[in-house]
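Here's the structure, in structure tokens; my notes come after.
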Amino acid sequence: MDSIRPKDLPEATTAGAGDKLIIDGSTARSIEVKNLMHNLIISYAPANPANAAIYSASDDPPVGYSGFYNALQISQGAPMPANQQYLGGAVPVRQAIVGTSVIPATDTTTWQAAGVAGYARGDIAGTGRNLVGIFGQATTTVANANLFGGNALAVNNDGSTSTVGFDANYVTAFEFNVNLWKKSGGADPTILGGHVYGITVAGSGNIAGQIAGSAGVVVNQMCVATNIPWNFAFQTYDGAATIGVSLGTNGTGNNVNGQPLRSTGRDAGGTAHTIDVHCDPNGALILAPDGASTVVAHLSGIGGSTVFQTGNVFGNAKINVPALATAGVITNDASGNFISTTSLGLAGSIKSSGTAGVGYTTGAGGTVTQATSKSTGVTLNKVSGQITMNNAALGSGSSVSFTLTNSTIAATDIPLVAIATGATAGAYRIIVDAIAAGSCQISLTNGTGGSLSESLVLNFCVIKGVSA
């Protein structure tokens, strides 16, 4: 047949006007081209694209196609109207190839329609061959362009600007399937590269530094216009993976931490704060606020035991607790002291290697004064404190006892008492000689050869004890 060049057809001034090449393939092949390097080449670059005619497989371009500049449109079934294409046709788009496929209401056998399908098959053995079913590349020669290598939409209406949707059974913008089959004989295939990936995100180029704000995967709201979030930004099904998320090290060398998981909160003043969760080079869990390198929590295994190690940004002080027997909160003050809101049940011992020792902190103590005599009882419901005794006379060699009523004392506890001030040196002997639930008895003896009338100040503390 004679060759026909589309450029020989006069350019139409309006959609549907001018000469067109119409091929009816209802009874025979529409176009068959053989033994050419490129079976079919269509180059479409009209001088006046705003008024360009649309060449398509349909007889007449549908109304509203003036904003679309298609080099080739192929329709399986009825052609897709422009208002049902990208963004409802509201944005002019240059499209090299448009493929549309419509399952009519009368077709009860077809269960899938594909606008564009790409297949790649390798028939030559050997490694290093890349087979790509569909490839997309976006490049630019000017600054400030938005580049998308691929873009997919799933819409629960006809794709037009209509805001009316339909119920759906399943909606996904893009689905990736990896199908692996056993080899002849029943053996699993050998993956020479050692990896099977559902999705790979990688880049190339020659930049020298990290770009702030770069991310391998970004999840925005499910509906940006109405601020509706996803229920889950990332989800795995039951049994989908042996490890849900695997993170590598935060560097390529040795002795480096793991890549952190970061969660962000925002305080009442609008300032954002973060907490990083990752591991140190030895596999211990680290919690660090606002990206700080200072450890605020450390969880590791030592000798088969779980050790919780906590520090703070003031001095990186730490406390080692083999087990928490009761629920509570451990906090710290500005001096690096740790404060527990409840009791700590320990299977091991509490030891201090510093000069501060082990004891009670401010708030645990109190003071009380005897009212009328050295035998007058006092009440002070604290585990530590001071008792100021009455200055009544105590004869030579005489003893006197009084009761300290204290709700913190159990019958198995060990109350300790010592003379702090107000006494003649070496003149007295003081002991706790009776203990009951809620009280103890303190006895004082004058060991000198004369009567003493002194107001002694006693220090006491309660050491908790048990009988089993």
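Worth a mention:
- DSSP-assigned coil residues among trypsin sites (Lys or Arg not before Pro) in the stretch 160-263, each with at most 15 further Cβ atoms within 10 Å: K182, K183
- The stretch 364-468: trypsin sites (Lys or Arg not before Pro) falling in loop per DSSP and having at most 15 other Cβ within 10 Å: K464
- Backbone geometry of the stretch 187-200 corresponds, through the Karplus equation with coefficients 6.51, -1.76 and 1.60 at θ = phi - 60°, to 3J(HN,Hα) couplings of 7, 5, x, 8, 9, 4, x, x, 9, 10, 10, x, 9, 10 Hz, x marking Gly and Pro.
- For N257, the residues whose amide H sits under 5 Å from its own are N250, ignoring neighbours fewer than 5 places away on the same chain, with H placed 1.01 Å from N.
- Per-residue HN-Hα couplings for the stretch 265-277 [Karplus 6.51, -1.76, 1.60; θ = phi - 60°; Hz; x = Gly/Pro]: x, 9, 7, 4, x, x, 7, 7, 10, 10, 10, 9, 10
- Backbone HN-Hα couplings from phi across the stretch 398-408 [Karplus 6.51/-1.76/1.60, Hz, Gly and Pro as x]: 8, 10, 9, 10, 9, 9, 9, 7, 8, 5, 7
- Cα-based shape type of the stretch 141-217, given that a ≥ b ≥ c are square roots of the gyration tensor eigenvalues and the cut on a/c is 1.5: oblate
Since every read-out is calculated from the coordinates, none of them should be taken as a lab result. In this text, all values refer to a predicted model and were calculated from it rather than measured experimentally. Here the Cβ is made from the backbone with ideal geometry for all residues, glycine too, and neighbour counts use every protein chain on show.
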